[in-house]
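*Asks:* Before I ask anything, let me first share the structure, which is written out below as structure tokens.
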Amino acid sequence: MREAKALLCVVLAGCASSSAAPHDPSEMTVVRHVDRVAQPHANVKLAGSRCKAGDGACSCRQPGDDVEKEPPEEGNKRFELRMSADGGSITVASPSFGRFESAGPLEVCFYVDVPAGTRHDLEVMSAATRAGQGVAPRVRLAEYGPKGPWWYDIATVECIGPQGRCNREAVDSWAARTAMQRKRGRLEPCGSAVVTNLKWQTSGGVGDRDGGFYRDLGVTFGFEVKKFPTQFAPGSTECVPK
């Protein structure tokens, strides 16, 4: 198995870092091992009118349908979690944020309310169902802005290579996009949630004849929900540090 030796540092909260400071919370680093996820199922606390189907998930928000008909109570902020894993299973879990599990290529959505002023540690775990065939994990985390209403992209995890499965090339591409797009600890700087200490890890892949697919991928990061209310539309210049 080809070991990952590279150390990739990313600006996550508006300040630069370097490989000389391996414990800085604004780094993205590569680790060597990850455990496999359990069989997927839904066991989460859901919020809002999109989550009343009774099947453990929610109806995904569609373009132009941004308003939350049942907004979060004062002191809470609502987040949308979209996830899928073509060729395998995927879990997003946190002792305080909740646990969300799914399997297969169909995108599944969850909506949760999180107290403002809190911090959470999240772990994304994906694994291939069949040996040698790889997995293509996708996770998108967005924050609801009731003033618009708007939705702010906070974090994304995506590993889809040239053959539709996760490999080292696909991870590097995702990491590079994250480095270029992230400002103030989030993809959309007008949001109020910050991601820090982003790391990815894998137990390796299969031979080059199979595209070097990774059999699994894990991503961990800190997730802090700031108290201040969102004020500006996504992409507003007022939110970009001068």
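*Asks:* Report Rg (one decimal) and Dmax (nearest whole number) for the range 128-175, counting Cα atoms only, units Å.
*Replies:* 14.7, 47
*Asks:* For the residue pair V67 and A233, what label-to-label distance in nm results when each label sits 7 Å from Cα along the Cα-to-beta-carbon direction?
*Replies:* 1.7
*Asks:* Further question: Within 10 Å, count the other beta carbons around each residue, average over each peptide in 220-230, 84-94, and list them highest first.
*Replies:* Taking the mean over residues of other Cβ atoms within 10 Å, the ranking is 84-94, 220-230.
*Asks:* Along its three principal axes, how long is the range 142-200 when you only count alpha carbons? Whole Å, largest extent first please.
*Replies:* 41, 22, 16
*Asks:* Per residue, what accessible area does the range 115-242 have, given a 1.4 Å probe and all protein chains present, in Å²?
*Replies:* Here the residues of the range 115-242 average 43 Å² of exposed surface.
*Asks:* Could you please report the charge total around E80, scoring K, R as +1 and D, E as -1 over all other residues with beta-carbon less than 15 angstrom from its beta-carbon?
*Replies:* Combined, the nearby Lys, Arg, Asp and Glu give +1.
The values are calculated or read from the model by the stated rules, or taken from the named source; none is laboratory data. Worth saying up front: this structure is predicted, and the values here are computed from it rather than measured. For neighbour counting, all protein chains shown are included, and Cβ atoms are generated from backbone atoms with ideal geometry for every residue, glycine included. The area values use the complete protein model at the heavy-atom level, side chains included, leaving out ligands, DNA and RNA. Shrake-Rupley method; radii C 1.70, N 1.55, O 1.52, S 1.80 Å.
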